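See structure below.
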Amino acid sequence: MIPAGRILVVDDEQGVRSTLSAVLRDEGFDVETAESGEDCLSILRERSFQAILLDVWLPGRDGMETLKQLRRSGVDAAVIMISGHGTIETAVRATRMGAHDFVEKPLSLDKIVLTLKNALRARKLEERNRLLREELRRDMRLIGESEAIRGLRERIEAAAPTGGGVLITGERGAGKELAARLIHARSPRAEEAFIEVACAAVPPERILVELFGQAGSIGGAGEGSGWNARHLCRDDPDLARRSRSRRHRGRWTVG
């Protein structure tokens, strides 16, 4: 049988390690154990795991310090913290440091298995999304070495790192969407969603309200609001004229 995943159980109590190992092996997982933070880090230098069950209270280097070192070392395994003396503050801190979840002792074995499966499912989705983004970026390129293409590449490279708005104009089929995607892929928001809007389906008198809100401004677009994309393509010279914008104290005002 193919293992459901490689799991590392880190706890200083022999009884907890034995119980978790037996239950997880019955669920089809390949399990190893460690009794301290130092043992955990030593094992991870030699082998990789999909998930780690990490006790907060460990002798020597405790679980929180171990978690911090895991993230510094680039270990991408899903980490589930376990503790018999956990508090809300500890759980919040662990989550901010990169833990997937926090489970309190005495452990519910059913909850541990469910939490572990959810963590592995989330990790698999993240990895799939990362691979898809990389594949998409490889497929996005401007073909050609003419002076115009080289100039366009330079403009894209110059615009992408900035926080400024970008209005792309051109004839139908000129590659406006490709240029927008290239800018997005090279921008600080590259990990956020690129949102496409079918502008032709919106009545002209409603286009600015639909894009920029009732107040007529892009309040922090791509900075925590519903908008992550800041690049718009439209075959409408009137929109280009009406959507001239200026930035004022972090807000985009249309007018």
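Sparse packing (at most 16 other Cβ atoms within 10 Å of the Cβ) combined with a DSSP loop state is found for the following GluC sites (Glu not before Pro) in the range 131-165: Glu145. Each of Val79, Met97, Leu58 was scored by the projection of its Cα onto the charge dipole of the range 26-185, and the greatest displacement toward the positive side belongs to Met97; charges sit on the C-beta of Lys, Arg, Asp and Glu. Positive end of the dipole of the range 128-198, charges at C-beta (+1 Lys, Arg; -1 Asp, Glu), about the Cα centre: which of Ala158, Ala190, Gly170 has its Cα farthest in that direction? Working it through, the farthest residue towards the positive pole turns out to be Ala190.
Sorted from longest to shortest, the spans of the Cα atoms of the range 6-157 along the three principal axes equal 70, 31, 31 Å. Here's how it looks for Val9: its modeled amide H is under 5 Å from those of Glu32, Thr33, Ala34, Leu53, which are all 5 or more places away or on a different chain. Straight-line reach only, C-alpha to C-alpha below 26 angstrom: list the lysines that Lys117 could link to, leaving out same-chain residues fewer than 8 apart. Within the straight-line cut-off, Lys117 pairs with Lys68, Lys105.
Bear in mind these aren't lab numbers, they're just calculated from the coordinates by the rules spelled out. What you see is a predicted model, and the numbers here were worked out from it, not measured in a lab. Cβ coordinates were reconstructed from backbone atoms using ideal geometry, including for glycine residues, and neighbour counts include every protein chain displayed.
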